[in-house]
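Since the structure comes first, as structure tokens, the remarks are kept for the end.
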There are 2 protein chains.
Amino acid sequence: MSNRGMLIILSGPSGSGKGTIIKRLLQERADTVLSVSATTRAPRPGELNNVHYYFKTRDEFEELIRRGALLEYAEYNGNYYGTPEEPIKEWLAQGKNVILEIEVQGAEKVMDHRSDLVSIFITIPSMQELERRLRDRGTETEDKIQGRLAVARRELARAFRYDYVVLNDEVEFAVERIHTIINAEKMRYSRMEKTVLEVLENA
Amino acid sequence: MSNRGMLIILSGPSGSGKGTIIKRLLQERADTVLSVSATTRAPRPGELNNVHYYFKTRDEFEELIRRGALLEYAEYNGNYYGTPEEPIKEWLAQGKNVILEIEVQGAEKVMDHRSDLVSIFITIPSMQELERRLRDRGTETEDKIQGRLAVARRELARAFRYDYVVLNDEVEFAVERIHTIINAEKMRYSRMEKTVLEVLENA
């Protein structure tokens, strides 16, 4: 691979379908991988270390924080979650695009510190549709649903921080739209500079 | 149409195939038009006023300059060439994307004054290939060919001013790449803001 990959931030409200979209996208693109988060929470059945998460003790996680080894981190319900930078660097150097699936606050922290990234916000057609999707899961209490809707509204109000907004009306369309964005971004001058300079140098 | 169109600058060396690419692109996209230049040169056989050019007298052209009605202009071989802003404004307001086919110096003048545009530089696979294409035309003297190659090298060296670089290895691929760029740019936050706000307002 001659070119560096690109770091892609992907956010969207709970229920926006980003998990499904990312799964399909990764099946369709050999050039793209999903970043793995570090966490101090206990593995759930079936979750593998280094695959689903880097499972860490609290001490190990705080050592990562001290070393500045995380792109961002946060604490929820007494557990740390964060994004280790080192594996991302390696993938990018190998020419792989790396997707960070990350909630809005974490995404903004990363955007504040890096400019070499492409950020995509997944939106839903309407709040009514989001509510329907959350109810269809059938696993959540009314309180939880109302909480998620309130968070979704706050997140949508931060969409302006992102480069692109992708509507998830149908999963296939949303996946196609993200392909389009990645393919266009590969034609940015910064990612085509080598090609241009080669034409000039062999003149 | 609910959304404004986008202004697209398209440049590339003589022989890069941009004319052919634009012709195909316009056939394939009803949402995109080509900007018409104003000039003081005489119409050639078959050239129509207001279609191929806005043909102007020197006095009329200088009046456009004085009124600030041109996005950019230049003088070549004793004739003025320029880009009237008014028709572009109208198309954009109607939701049409407008392509400015413009050489590098003119493009840079426009970029210096406007930030709401998408700029694309068409490149060729190699200078050898460009030379072959120029010779294949069979219409130009050796001097003219050498002159065009020198200009092409100077233009390639300014490609860094453009947002995107599109390789024209095959016309169909190049057209496809420009579709990809336009389709991705339509998902920029600024062009999707209305969608996001509608979701929020109907909540």
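A few remarks follow.
- Across identical copies of the chain, residue A:31 has label-point separations of 2.3 nm, listed in ascending order, with the point defined 7 angstrom from Cα along Cα→Cβ.
- Inter-probe distance in nm under a simple model that places probes 7 Å from Cα toward Cβ, at residue B:154 and residue A:193: 2.4 nm
- In a DSSP loop and with at most 11 other Cβ atoms within 10 Å, the GluC sites (Glu not before Pro) in segment B:107-188 are B:170.
- Closest-to-axis residue of chain B (Cβ criterion, axis taking B to A), whole Å: B:184, 2
- Percent of alpha-carbon pairs separated by more than 23 Å within segment A:102-203: 45 percent
- Taking the convex hull of the alpha carbon positions in chain B and averaging its projected area over all directions gives 13.1 nm².
- Counting only residues at least eight positions apart within a chain, or on another chain, the lysines with an alpha carbon under 26 Å from that of residue B:23 are A:186, B:56, B:89, B:96, B:109, B:144, B:186.
- Once C-alpha pairs closer than 8 Å and six or more residues apart are averaged by separation and normalised to the residue number of chain B, the relative contact order reads 31 percent.
- Share of Cα-Cα pairs in the protein assembly as shown lying beyond 36 Å, as whole percent: 37 percent
- Subtracting the Cα-Cα distance of residue B:111 and residue B:136 from their residue separation scaled by 0.36 nm leaves 5.7 nm.
- Residue-count net charge about residue B:102 - beta-carbon cut-off 11 Å; Lys, Arg +1, Asp, Glu -1: -2
- Stretchable slack from residue A:128 to residue A:3, in nm (0.36 nm times residue separation minus alpha-carbon distance): 40.7 nm
Readers should treat all values here as calculations from the given coordinates under stated rules, not as data from a laboratory. Just so we're clear, the structure is a prediction, and the values are computed from it rather than from any experiment. Note that we place each Cβ from the backbone using ideal geometry, even for glycine, and neighbour counts take in every protein chain shown.
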